[in-house]
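These notes are about the structure you will find just below.
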């Protein structure tokens, strides 16, 4: 537990640094066009018409989620949204609206999730979203709930062993993902093949249109487990915490989300979800305490 507690402190430090950096960026020059909207939100909040009340008024929580990211958010054989983050979203709806079914799931990708949020199409993003300095300029983040690192999915007979072997190779990435940003930075000589969907990425790797697929290891291990023609290689890199994102200035929503995250941590709810959704699909050395929030002991 000491390791988990230390890791959690590091997560919070990362958030603080990003928030401070984003805040400083705002003061360097004219306010952006979104500033008046934020002022209006603050005014509505003062009048009792903040984001929580608006969600209550419409009677449902609209959440941007992944639909191709097993085990966090995907569509099962019955056509239902399921996964680790789906259960988190339902628990939020239960807390705010008294009914876990008063929720609408909107499928998002790494390239459209922020625009969906800013346009009001969704209330929040709960979609394997890691905290970065650039994203913190566009959205407000909750405290983290999970941490993942990027690794490589390759064919079982591939000689690629780590990112250093990707020079001059074709590497599949999801646009806007941590893998996309990490590979571009670490291996500028790699040729990026940008595909939106996991299914497309897997098929491209099978067809030989690329040499590797760089993505969060929590997605790659389940893929390798169900596709023996693949294996996961390399040490994790670009390790960043995941958090829930809301529109800029919606502090009431952030506080409510953080209160739920703390409650779930104390109840060890994240571990329960991990045992149900993640652990069965990860290698034996997977230790939940290295990746998610656990009770402080």
**Matching residues in region 134-163 - criterion: being surrounded by fewer than 18 Cβ atoms within 10 Å (Cβ to Cβ), part of a loop (DSSP other than H, G, I, E, B) and either under 13 Å from the mean Cα position of the chain (by Cα) or not assigned by TED's automatic domain parsing to the domain that holds residue 112 (or both)** = 156, 157, 158, 159, 161, 162
**Prompt:** Quick one: in region 195-220, which of the residues that are touching a strand residue (DSSP E or B) at 6+ places or on another chain (Cβ under 6 Å) and in a strand (DSSP E or B) is farthest from residue 168 (Cα to Cα)?
**Reply:** 216
**Asked** For region 221-234, does any single residue satisfy the condition of being in contact with a strand residue (DSSP E or B) (Cβ under 6 Å, 6 or more places away or on another chain), in a helix (DSSP H, G or I) and more than 20 Å from residue 86 (Cβ to Cβ)?
**Response** yes
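Take region 164-178 and flag every residue that is under 22 Å from the mean Cα position of the chain (by Cα) and either surrounded by fewer than 22 Cβ atoms within 10 Å (Cβ to Cβ) or within 13 Å of residue 192 (Cβ to Cβ) (or both). If you could, list the steps in order and put the result at the bottom.
Taking region 164-178 and keeping what is under 22 Å from the mean Cα position of the chain (by Cα), we get 171-178.
The answer is 171, 172, 173, 174, 175, 176, 177.
Which of the residues spanning region 261-297 are in contact with a strand residue (DSSP E or B) (Cβ under 9 Å, 6 or more places away or on another chain) and part of a helix (DSSP H, G or I)? Walk me through it before giving the result.
Let us first name the residues in region 261-297 that are in contact with a strand residue (DSSP E or B) (Cβ under 9 Å, 6 or more places away or on another chain), namely 261-262, 264-265, 270-271, 273-274, 277-278, 283, 290-293.
Scanning region 261-297 gives 261, 262, 264, 265, 270, 271, 273, 274, 277, 278, 290.
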**Prompt:** Given 220, 195, which one is within 23 Å of residue 291 (Cβ to Cβ) and surrounded by 15 or more Cβ atoms within 10 Å (Cβ to Cβ)?
**Reply:** 220
**Message:** I'd like the full set of residues that are farther than 12 Å from residue 257 by Cα, over 17 Å from the mean Cα position of the chain (by Cα) and part of a helix (DSSP H, G or I), limited to region 83-103.
**Reply:** 94, 97
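Could you identify the single residue in 244, 257, 183 that is more than 21 Å from residue 283 (Cβ to Cβ), touching a strand residue (DSSP E or B) at 6+ places or on another chain (Cβ under 9 Å) and outside the structural domain of residue 109 (by TED's automatic domain parsing)?
Values: 244 fails: outside the structural domain of residue 109 (by TED's automatic domain parsing); 257 fails: outside the structural domain of residue 109 (by TED's automatic domain parsing).
Result: 183 is the single residue among 244, 257, 183 that is more than 21 Å from residue 283 (Cβ to Cβ), touching a strand residue (DSSP E or B) at 6+ places or on another chain (Cβ under 9 Å) and outside the structural domain of residue 109 (by TED's automatic domain parsing).
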**Asked** Mind checking which residues of region 269-287 are surrounded by 16 or more Cβ atoms within 10 Å (Cβ to Cβ) and within 25 Å of residue 124 (Cα to Cα)?
**Response** 269, 270, 271, 273, 274, 277, 278
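The values are calculated or read from the model by the stated rules, or taken from the named source; none is laboratory data. Because the structure is predicted, anything quoted here is derived from the model rather than measured. Backbone-built Cβ (ideal geometry, glycine too); neighbour counts: all protein chains shown.
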